[in-house]
Amino acid sequence: MNIEGKVALVTGGASGLGLAACRSLIEKGAKVAIFDFDKANGEAVVQELEEGKALFVQVDVTDEQNVAQALETLYKHYGDLHIVVNCAGIGPPGKVINREGEPLPLDQFKKIVDVNLFGTFNVLSKAAARMAKQDTLNDDGGRGTIINVASVAAFDGQIGQPAYAASKAGIVGMTLPIAREFARQGIRVNTIAPGLFLTPLAESLGEDVINSLGGSVEYPKRLGNPKEFAQLVVHMAENDYLNGEVIRLDGAIRMAAK
Ligand SMILES: C[C@H](O)CC(=O)SCCNC(=O)CCNC(=O)[C@H](O)C(C)(C)COP(=O)(O)OP(=O)(O)OC[C@H]1O[C@@H](n2cnc3c(N)ncnc32)[C@H](O)[C@@H]1OP(=O)(O)O
Ligand SMILES: NC(=O)c1ccc[n+]([C@@H]2O[C@H](COP(=O)([O-])OP(=O)(O)OC[C@H]3O[C@@H](n4cnc5c(N)ncnc54)[C@H](O)[C@@H]3O)[C@@H](O)[C@H]2O)c1
């Protein structure tokens, strides 16, 4: 897909990886709609991006009505939607049994799965239902593309990541069946599984975790730059033959147990 002139929806676009994706998509000629919970950051970011190229809508990705209304706002503002990037996510750690011997409260587990997995499904299902009715864009019958964000924790989650790893493994697991279903509609579905990138979410893990993980990246021996994540978002949007795939973007890190 030629990104020039297309419309992209980026959840979690007010910060970190989502914001980097917005910047790169705009550089390639797209207009973006940022769906994010964080109003202050979202509004500030839109001021900073190219005028007329970015729209902020305050959205909780876990809320069905909220997402449906936000999509209506997007369609009124821009018309058809072609690229969806599901970046909204949270990651507070918590072991199954803590130091005091108490089990992780179920609500804490549910909250992470709710935002990361159910939120991704909520946005992609509603956006794709509309995309499926749009005109085709090329000879393959392509209409659009969906890019989800999992994590290397989907494959090698550390101690303290049961909920986060489960939520991201859910995203990995639903990628192929949804890509297969959307073949008829000409909507490609792919997932990026990032290693550790320097963003506010990563910073919240604390210095010890960051240093230990940074040291276990094979090459290049450093944390990822959000721009490198955005490069893959752009490639996934542009390459019409890439479909149903999960790509690790991680400097060959394989995370240890702790
Ligand atoms: C963000 C992107 O998507 C990419 C990523 O995924 S980046 C990876 C991010 N990784 C993380 O976030 C790691 C998450 N985990 C943690 O931060 C920590 O495990 C935690 C904060 C949840 C818990 O920390 P803490 O309470 O200090 O427990 P922890 O350090 O595991 O254990 C302390 C000691 O208790 C003991 N212990 C822990 N759990 C135990 C258990 N269930 N039974 C017996 N002993 C236990 C251990 O022996 C350990 O001793 P050690 O230091 O000698 O090994
Ligand atoms: N940074 C990393 O190292 C890393 C690694 C692997 C995967 N990821 C994943 O990448 C995605 C982006 O992470 P990041 O590091 O940019 O984090 P970040 O905290 O910088 O940005 C996440 C954004 O999502 C928004 N958000 C959170 N809950 C929301 C909700 N319910 N509704 C709408 N918006 C919501 C936040 O307001 C924030 O702006 C997440 O899904 C994360 O799990 C990050």
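When the chain is treated as a GNM, springs tying every alpha-carbon pair under 10 Å, which of Ala163, Ala153, Ala129 comes out with the largest mean-square fluctuation?
Ala129
Of Thr62, Thr199, Thr11, which has the largest mean-square fluctuation in a 10 Å C-alpha GNM of the chain?
Thr199
Enumerate the residues in the stretch 30-58 having an amide nitrogen under 19 Å from the point lying 7 Å beyond the Cα of Asp80 toward its Cβ.
30-33
Loop-only chymotrypsin sites (Phe, Trp or Tyr not before Pro) in the stretch 182-244, please: DSSP not H, G, I, E or B, and at most 16 other Cβ atoms within 10 Å. If you can, show how the numbers build up before the last one.
Numbers: sites: Phe182, Phe197, Phe229, Tyr241; in loops: Phe182, Tyr241.
The qualifying sites are Tyr241.
Which one of Thr175, Phe56, Pro103 is farthest out on the positive end of the charge dipole of the chain, using unit charges on Cβ (Lys, Arg +1; Asp, Glu -1) and the Cα centre as origin?
Thr175
For the stretch 126-235, what are Rg and Dmax over the alpha carbons, in angstrom?
16.9, 51
Which of Ile97, Ile146, Ile178 moves the most in a Gaussian network model of the chain with Cα springs under 10 Å?
So, out of Ile97, Ile146, Ile178, the one fluctuating most is Ile97.
Would you mind estimating how fast the chain diffuses translationally, via Stokes-Einstein at 10 °C and 1.306 mPa s with the Kirkwood radius over Cα pairs, in µm²/s?
86
Can you give me the Cα centroid spacing of the stretch 238-252 and the stretch 1-77 in angstrom?
Measuring centre to centre over Cα atoms gives 22 Å.
Run down the lysines and flag those whose C-alpha is under 28 Å from the C-alpha of Lys111, throwing out any fewer than 8 positions away in its chain.
Straight-distance partners of Lys111: Lys39, Lys95, Lys126, Lys168, Lys258.
Output the Cα-based Rg and Dmax of the stretch 1-109 in Å, rounding Rg to one decimal and Dmax to a whole number.
Over the stretch 1-109's Cα set, Rg and Dmax evaluate to 16.6, 55 Å.
Let me check I have the definition right: for the stretch 158-210, take the eigenvalues of the Cα gyration tensor, multiply each by 5, take square roots. What are those semi-axes in whole Å, largest first?
The three semi-axes for the stretch 158-210 are 30, 13, 6 Å.
Give the dimensionless ratio obtained when the Cα radius of gyration of the stretch 91-164 is divided by 2.2 N^0.38 Å. Walk me through the numbers on the way to the answer.
Values: Rg = 18.0 Å, N = 74, 2.2 N^0.38 = 11.3 Å.
Working it through for the stretch 91-164, the quotient is 1.59.
Place a +1 charge on the Cβ of each Lys and Arg in the chain and a -1 charge on the Cβ of each Asp and Glu, then give the dipole magnitude about the Cα centre in debye, rounded to the nearest 20.
400
Principal axes first, then extents: for the Cα atoms of the stretch 172-257, list largest minus smallest coordinate on each axis, whole Å, largest first.
Sorted largest first, the three principal extents are 47, 25, 23 Å.
Dividing the alpha-carbon Rg of the stretch 59-125 by 2.2 N^0.38 Å yields what? Don't skip to the end; give the middle numbers.
On the way: Rg = 16.0 Å, N = 67, 2.2 N^0.38 = 10.9 Å.
So the stretch 59-125 has a normalised radius of gyration of 1.48.
So, counting K/R as plus one and D/E as minus one, what does the shell of residues with Cβ under 15 Å around Gly119 add up to?
Charge balance in the 15 Å sphere: -2.
Bear in mind these aren't lab numbers, they're just calculated from the coordinates by the rules spelled out. Quick caveat, the model's predicted, so the values are computed rather than measured. Ideal geometry is used to build each Cβ from the backbone, glycine not excepted, and the neighbour counts take in all protein chains shown.
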